[in-house]
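Just so it is clear, none of the values below were taken in a lab; they were calculated from the coordinates. Keep in mind it's a predicted model, so treat the numbers as computed, not measured. Cβ sites come from the backbone with ideal geometry, for glycine too, and all protein chains shown count toward neighbours.
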Amino acid sequence: MRLPIACFPLLVPHYNKHTTIVPIGGVCLNLRKMDQVLDLHQEDFDVTVEPGVTPKGLNSYLRDTGLWFPVDPGADASLCGMAATSASGTNAVRYGTMRGNVLNLEVVLADGTVLHTAGKGRRPRKTSAGYNLTNLFVGSEGTLGIITKATLRLFGIPESMVSAVCSFPSVQSAVDSTVQILQAGVPIARIEFLDDVMINACNRFNNLSYAVTPTLFLEFHGSSKSMEEQVSITEEITWDNGGSDFAWSEDEETRGRLWKARHDAWYAALALRPGCKAYSTDVCVPISRLPQIIVETKEDLIRNNITGPIAGHVGDGNFHCLIVLDPNDPDEVQRVHSFTERLARRALAMDGTCTGEHGIGLGKRALLREEVGLLAIEVMQGLKATLDPKNLMNPGKVL
Amino acid sequence: CFAPFLCLRPPQIRVKPDRTGVVTDGVKHSMNPFCEIAVEEAVKLKEKKLVKEVVAVSCGPQQVQETIRTALAMGADRGIHVEVSGKDYETLGPLQVSKIFAALAKKEQADLIILGKQAIDDDCNQTGQMTAALLDWPQGTFASEVTLEADKLKVVREIDGGLETIKIKLPAVVTADLRLNTPRYATLPNIMKAKKKKIVNVKPADLGVDVSSRLEVLKVDEPPQRQSGVKVETVHDLVEKLKEAGRI
């Protein structure tokens, strides 16, 4: 009997730590002990890692070189797992997601053969050789093969990092500022939106005292000289949009506290209703549609009496509602479920996607159909049938 | 101010077949973590304009120049590489290093020596203390907080019972403990700039120091291999087996 295979770590830890969901039973592979950093090429800005290496582990290994891998999903996840799920993070607006930062993969296919997607050992920064197999596997969520090595693009650690916070009178003004900051050509590294409910939760969880109103957390990377310019242009834009209390800091400790507050958002949301579970939505739209979708979404939350603080990577047009619900209340569960469907369809109607970062998995398969259309699904199914005819690899996911 | 040591960072430590030591060839070496903390503290003092110059010192073969460069990239002003290689390097221990540091401290007229409290490959925790003794300087070891107050140093020390605060006169020796600070990662532009900073080569003989060791390593053994467990059928069997093994 052939057992299906699911690979761990695969899903970016979100529900609980290190969960693989296997609907029909099978074998889960834990690749955590394959934890070597291989083949670092400093001058070429690339490195190859095995599945057990995480961003924190890699960056610690690299620290004498002045290089880092900036894709930061918040959890210290496996880099190969991040490739499998096309992970993103707060830095994506400046450094991109996994899609743009994987140069080559070693993948074990369903028949046991070992594939090097860009050719064994190859790591040019760009190529137009043949079909883009590397990016076929990035985001395939383990349904096409098991990633056992990833060659990643590295970046120089910037000379200076400055973080800033700014409060806004409305969602519209915060998002308008975001759009204008990007249009002004500021090479902003992080631009995160937190709505009033989220800020309130963060204040309570982390003992902070930000104004309870839509807020942007920002971070600038660059040379010391360019910091002043970036910060002042941004400050002016926020001011023009009615922003207030623009505060910035270069000090590492202050910056650390700021981003901890953002990364703790999940726990801060949970703390709003102890005893409840949290569920995160994830949609992404063109940036210009962001004000509209967030405003409509907030109205939907309020109308349906759902606790859903919002945090998002507004620089990418991507946001999450961290919904806190009582799983034992069937009415609430139903309301939340309907809400998330409406939200995904709202994003699709605005030329967006039903998932910016978290992937399709089980829950969004129907939405994937709506998003890409029947023909694209058929093409995907064809690829799956070619690479995994016996449907061993993480069956039931994505398609 | 001085600092860093090069230490072993192997994924898995292996004993050499002749049992004279551990395999170091081909193993990644990097700055001792406690020394990183020491360098960070020195650089912080300079950023606060409390000290004029930070000098990074390391003793060892050619490789240690990389470590000194990292310290320079973190913000040290110049480096001194005390060349010790081959057999001398294998037997280099805290006593010889502290003699070197003491000689350099006098030569450079240093006011403060900061080093990591211990190296993570040998866990000796002796160099700082020996250096202070040789120089007859006060010492603030296991520092988790250092404050400069005019010509004195207030040092909060991590001790078994908690924290001890002492005040010592400069010049002094301080050894860095874990909680003193979080070392910065050297940025790429700073690493590039650091290539232009000077590293001077010195031999121990130039400092009048004899690096021959008075210790001889007799043998190095791995810890005993973990034996696989034994399953037993009953509680009675368990008790018998434990008695047999002399455990109860």
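What to note about this one:
- When you restrict to C-alpha pairs under 8 Å that are six or more residues apart and normalise by the size of chain A, the relative contact order lands at 16 percent.
- Charge tally for residue B:233 (other residues, Cβ to Cβ under 14 Å; Lys, Arg +1; Asp, Glu -1): 0.
- Residue-averaged 222 nm ellipticity for chain B, from DSSP H runs of 4+ at -39500 (n - 2.57), nearest 500: -8500 deg cm²/dmol
- Along chain A, the exposed loop sites are GluC sites (Glu not before Pro) outside DSSP states H, G, I, E and B with at most 16 other Cβ atoms within 10 Å, and the longest stretch free of them is A:44-249.
- Loop-located chymotrypsin sites (Phe, Trp or Tyr not before Pro) in the range A:125-171 whose Cβ has at most 12 other Cβ within 10 Å (DSSP): A:131
- Only one residue of A:124, A:191, A:162 has its Cα farthest out toward the positive end of the dipole of the range A:114-247, where Lys and Arg carry +1 and Asp and Glu -1 on Cβ, and that residue is A:124.
- The separation of the range A:310-371 from the range B:32-54, counted between C-alpha centres, amounts to 49 Å.
- Over the protein assembly as shown, the fraction of Cα-Cα pairs per 20 Å bin, rounded to whole percents and listed from the shortest bin up, is 16, 42, 33, 9, 0.
- As a ratio to 2.2 N^0.38 Å, the alpha-carbon radius of gyration for the range A:170-265 is 1.05.
- Loop-located trypsin sites (Lys or Arg not before Pro) in the range B:34-125 whose Cβ has at most 14 other Cβ within 10 Å (DSSP): B:48, B:49, B:52
- Within the shell defined by Cβ-Cβ distances under 14 Å, the residues around residue A:132 carry a net charge of +3, with Lys and Arg each +1 and Asp and Glu each -1.
- Distance between the modelled labels on residue A:296 and residue B:109, one decimal in nanometres: 7.5 nm (7 Å Cα→Cβ projection).
- When only the Cβ of Lys, Arg, Asp and Glu is charged (+1, +1, -1, -1), the dipole of the protein assembly as shown relative to its Cα centre reaches about 1080 debye.
- Simple spin-label estimate for residue A:211 and residue B:247 in nanometres, 7 Å along Cα-Cβ: 6.5
- Counted by Cβ distance under 11 Å from residue A:246, the other residues give a net charge of -3, where Lys and Arg count +1 and Asp and Glu count -1.
- Cα-based shape type of the range A:139-298, given that a ≥ b ≥ c are square roots of the gyration tensor eigenvalues and the cut on a/c is 1.5: rounded
- In percent, rounded to a whole number, the relative contact order of the range A:286-399 is 19, using alpha-carbon pairs under 8 Å and six or more apart.
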